[in-house]
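None of the figures in this text is laboratory data; all of them are computed from the coordinates on show. From a predicted model like this one, the values you see are computed outputs, not experimental measurements. Glycine gets a Cβ as well: all are built from the backbone with ideal geometry, and neighbour counts include every protein chain shown.
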Amino acid sequence: MSFKRGEPRFNLKELEEEVRANPWNYYSRLRLGLAYNEMGMYEESIPELEEAHRLEPEEYYPLAILAESYYRMRDVEKSIALLKDAIRLKPDDADLYMLISNIFLESGRAEEGISLHKEAIARNPGNGELHLSLGDLLYEAGRKEEAMVEYMEAEKASPHDYDIKLEVGSRLEDEDDLDGAIKRYRDAINIDRTNPEGYVLLGEALAKKTTMKGR
């Protein structure tokens, strides 16, 4: 789950007809709301997603997509409130915490996100993505030593996670720990030799190290 845009995956006309034929069907409302959202029709998506949530109040997913619609409409407070509601319904979902983390970071409210993540990690201590997300919040809040502890915890919890290796490597590179960064990039390549990103980052870090040696 992310707030990145992609190509619409739905036939809008068919979905609208489906809702007219089945207005009390949760999945019909959800699919139409999601389609509107993916097409950037956020105002249209909101009533469909709200109705989907009304029909199935224990389902977290309509709330998460509603949060995106409000976020795209620049209603940050509403988006955060909806994501918190979604988290209450599914407290072990790391994706939800990562979404709310991004919003807290972009709105300059890292400390709120830090508190929320610590509560989540207390419930899910072995979740590498949560440790990674908390590390990002701490780093952006200027608490870099604490952030590095969380990055190491993320690696420990998910030692074979390609994305975590790259993220930790990138942070170490930001702190001029090129040897540490290079090790993580190589670890990532060993995890997935088909993904070019690790090779690119490794090449850049090695070039930077060579340049620094030549000074």
Amide N of the range 84-110 lying under 14 Å from the label point, which is placed 7 angstrom from the Cα of Val76 along Cα→Cβ | 100-110
In units of 2.2 N^0.38 Å, the Cα radius of gyration of the range 160-215 is 1.06
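Could you please report the charge total around Glu175, scoring K, R as +1 and D, E as -1 over all other residues with beta-carbon less than 11 angstrom from its beta-carbon?
-3
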Roughly speaking, what is the stretch gain from Lys13 to Arg186, that is 0.36 nm per residue apart minus the C-alpha to C-alpha distance, in nm to one decimal?
-> 57.5 nm
Going through the range 116-215, which chymotrypsin sites (Phe, Trp or Tyr not before Pro) have at most 10 other Cβ atoms within 10 Å and a DSSP loop state?
-> none
Given Lys144/Lys183; Lys165/Lys209; Lys144/Lys209; Lys90/Lys183; Lys118/Lys209, the pairs whose alpha carbons are separated by over 25 Å | Lys90/Lys183; Lys118/Lys209
One can check that the equivalent ellipsoid of the range 32-119, built from the alpha-carbon gyration tensor with semi-axes equal to the square roots of five times its eigenvalues, has lengths in Å, largest first, of 22, 16, 9
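Counting other C-beta atoms within 10 Å, and keeping those with at most 10, which DSSP coil trypsin sites (Lys or Arg not before Pro) do you find in the range 141-193?
Qualifying residues, ordered by number: Arg193.
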Simple spin-label model, 7 Å along Cα-to-Cβ: Glu112 to Arg193 in nm?
-> 4.7 nm
Mean separation of Cα contacts under 8 Å (at least 6 apart) over the residue count of the chain, i.e. the relative contact order in percent, is 10 percent
Hull shadow area, averaged, the chain [alpha-carbon convex hull, nm²] | 13.6 nm²
